[in-house]
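To keep things clear, I will list the structure first and then write my remarks on it.
The values are calculated or read from the model by the stated rules, or taken from the named source; none is laboratory data. From a predicted model like this one, the values you see are computed outputs, not experimental measurements. Cβ placement follows ideal geometry from the backbone for every residue including glycine, while neighbour counts extend to all protein chains displayed. Ligands, DNA and RNA are excluded from the accessible area calculation, which covers all protein heavy atoms including side chains. Shrake-Rupley method; radii C 1.70, N 1.55, O 1.52, S 1.80 Å.
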Amino acid sequence: MDQNNINERIQDLVEETEQKPVRREKKEKPQLRESIYSLRLDELQQWLTEHGEKAFRAGQIYEWLYEKRVKSFDDMSNLSKSLRENLKEHFALTTLSTLIKQESKDGTIKFLFQLQDGYSIETVLMRHEYGNSICVTTQVGCRIGCTFCASTLGGLKRHLMAGEIVEQVVKVQQELDEVGERVSHIVIMGIGEPFDNYDNMMNFLKVVNHDKGLNIGARHITVSTSGIVPKIYKFADEELQINFAVSLHAPNQEARQKLMPIARAYKLDELLEAVRYYTKKTGRRVSFEYGLMAGENDSVEVAEELADLIKGIKCHVNLIPINYVPERDYIRTSRSSIFAFEKALKKRGVNVTIRREQGADIAAACGQLRAQERQDEISR
Ligand code: SAH
């Protein structure tokens, strides 16, 4: 299935579910400058040779970008002045500016960044025992329309270019440089559906994973999708060692499509078939994310149904106590019911964990800060 078909299927759903479709801006769109961070090493080499420079300069530029993490092209002191000017003319080094930086009691830091065209995105840094993990955004808004999620309020404004995703990590790493720490893990679980911006997401992965790039190991990176089936096959065929998560949230088709309109475009059985293909092709287990919502999908019977549904799939279930979104109706399941749900899954042999909550005091769930701070942008 090609991208046009996918767009159509998602667009139909968006219209059906009365989410706002991608807005065709009436006024002229600001020209976005390409970010230098968008380029894979091979693309940068190619660009250089096309511009009369030696390909090996790409390695030097990568070193300035990802090892020394300079904030200006002028700091790239082993490049000729003309090359620096040429880079400046063609690329932006900075496309994000920090609008808000909020620090939680537990060390979680949430950033609201402004893009070149004025839109804003969120990035979250979480402190764990095993390291520093960053949650990145892939789109301005989202068109998937999950009924419990703040990121989809206001629909999709635009895709992020790869460099805008990479720069989120670079910016946070620059902050950590000051205290001698490192971003060790990445989760692609911020605003947006990464598989709806597939090519840019892939370039992002290639840059952050490359040993001359940010050199973050594939096993330390997790990508999460709401379930765009054709892209799951494509991703499986990339044969990467990246952790893969699927937002499931329900134990059957009917319940799932109520929570996630995307389930009407890609049915649950198609989704699970793609997941099985993924586990077979990569040899890796998949992580099912399951947000617990009081009275919706959180009874022990539902847990049993879920255990039956995923039986035989090499997987792990991550239970998420849902974050309350004022614009949405759902309420978080009580602690005792979360434990009962977990126990019922364990009893049936399912690997299960409960996601530890971080940054609750700073609205750190996907899309929450942007929704709070930028009402104008969402209703625009
Ligand atoms: N679009 C991708 C990735 C971003 S969301 C996806 O759907 O997987 C990352 C996770 O947060 C998803 O599992 C999503 O369903 C979940 N999520 C969305 N809204 C939430 C909320 N209000 N509380 C808790 N988790 C939420």
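Show 238, 28 ordered by accessible area, largest first, where the area counts protein heavy atoms only and the probe is 1.4 Å.
28, 238
When you take every Cα atom in the chain, what is the radius of gyration, and what is Dmax, the widest Cα pair distance, in Å?
For the chain, the Cα radius of gyration and maximum Cα-Cα distance read 21.0, 68 Å.
Kindly report the accessible area of the chain per residue (heavy atoms of protein chains, probe 1.4 Å, no ligands, DNA or RNA), in Å².
44 Å²
State to the nearest 20 debye the size of the charge dipole of segment 159-202 about its Cα centre, where the only charges are +1 on K and R beta carbons and -1 on D and E beta carbons.
Dipole size: approximately 80 debye.
Quick one: with all protein chains in place, what share of the accessible area of segment 24-170 is carbon or sulfur, to the nearest percent (1.4 Å probe)?
The C+S portion of the solvent-accessible surface of segment 24-170 is 48 percent.
Taking residue 71 as the anchor, which lysines have their alpha carbon closer than 30 Å to its alpha carbon, excluding any fewer than eight residues away along the same chain?
Cross-link targets: 29, 54, 81, 88, 101, 105, 110, 157, 171, 206, 212.
For residue 267 and residue 78, FRET efficiency with R0 = 51 Å and r from the beta-carbon atoms, rounded to 0.05?
So, using R0 = 51 Å, E works out to roughly 0.40.
What does the charge add up to near residue 49, with Lys and Arg as +1, Asp and Glu as -1, over the other residues with Cβ less than 14 Å from its Cβ?
Surrounding charge for residue 49 is -2.
So what are the ³J(HN,Hα) numbers for segment 224-231, from phi and the Karplus equation (6.51, -1.76, 1.60; θ = phi - 60°), rounded to whole Hz, Gly and Pro as x?
Here the 3J(HN,Hα) series is 10, 10, 7, x, 8, 3, x, 6 Hz.
Leaving ligands, DNA and RNA out of it, rank 339, 113, 148 by accessible area with a 1.4 Å probe, largest first.
Greatest to least solvent exposure: 339, 148, 113.
Tell me, what is a quarter of the convex hull surface for the C-alpha atoms of segment 177-287, in nm² with one decimal?
7.8 nm²
Could you give me the ³J(HN,Hα) list for segment 140-145, computed from phi with Karplus coefficients 6.51, -1.76, 1.60 and θ = phi - 60°, whole Hz, x at Gly and Pro?
Running phi through 6.51 cos²θ - 1.76 cosθ + 1.60 with θ = phi - 60° gives 7, x, 6, 10, 7, x Hz.
Once amide H atoms are placed 1.01 Å from N in the peptide plane, what residues at a sequence separation of 5 or more from residue 288, or on another chain, have their amide H within under 5 Å of its amide H?
Close amide H contacts, sequence-distant or interchain: 246, 316, 317, 318.
Taking the Cα centre of the chain as origin, work out the dipole magnitude from +1 charges on Lys and Arg Cβ and -1 charges on Asp and Glu Cβ, in debye rounded to 20.
That gives a dipole near 440 debye.
Measure out, as a whole number of angstrom, how far apart the alpha-carbon centroids of segment 279-327 and segment 147-210 sit.
24 Å
Considering the dipole of the chain built from charges on the beta carbon (Lys and Arg +1, Asp and Glu -1) around the Cα centre, which of 203, 297, 30 is farthest to its positive end?
297
Counting only helical runs of four or more DSSP H residues, what would the 222 nm mean residue ellipticity of the chain come to if each run contributes -39,500 (n - 2.57) and the total is spread over all its residues?
My calculation for the chain gives -10500 deg cm²/dmol from helical runs alone.
Taking the chain as a Gaussian network, Cα atoms linked when under 10 Å apart, which of 133, 226, 82 shows the biggest mean-square fluctuation?
82
How large is ³J(HN,Hα) for each residue in segment 259-269, as worked out from phi by the Karplus curve 6.51 cos²θ - 1.76 cosθ + 1.60 (θ = phi - 60°), to whole Hz, x for Gly and Pro?
With coefficients 6.51, -1.76 and 1.60, one gets 8, 9, x, 4, 5, 7, 6, 10, 5, 4, 5 Hz.
Please work out how much accessible surface residue 308 shows to a 1.4 Å probe, ignoring ligands, DNA and RNA, in Å² rounded to 10.
About 100 Å², ignoring ligands and nucleic acids.
Once you keep just the Cα pairs under 8 angstrom separated by 6 or more residues, what percentage relative contact order results for segment 95-378?
18 percent
Sum up the charges of everything whose Cβ sits under 12 Å from the Cβ of residue 318, counting Lys and Arg as +1 and Asp and Glu as -1, but leave residue 318 out.
Cβ neighbours under 12 Å give a net charge of +1.
Give the percent of DSSP beta bridges with both residues in the chain that are antiparallel, rounded to the nearest 5.
If we restrict to bridges inside the chain, about 45 percent are antiparallel.
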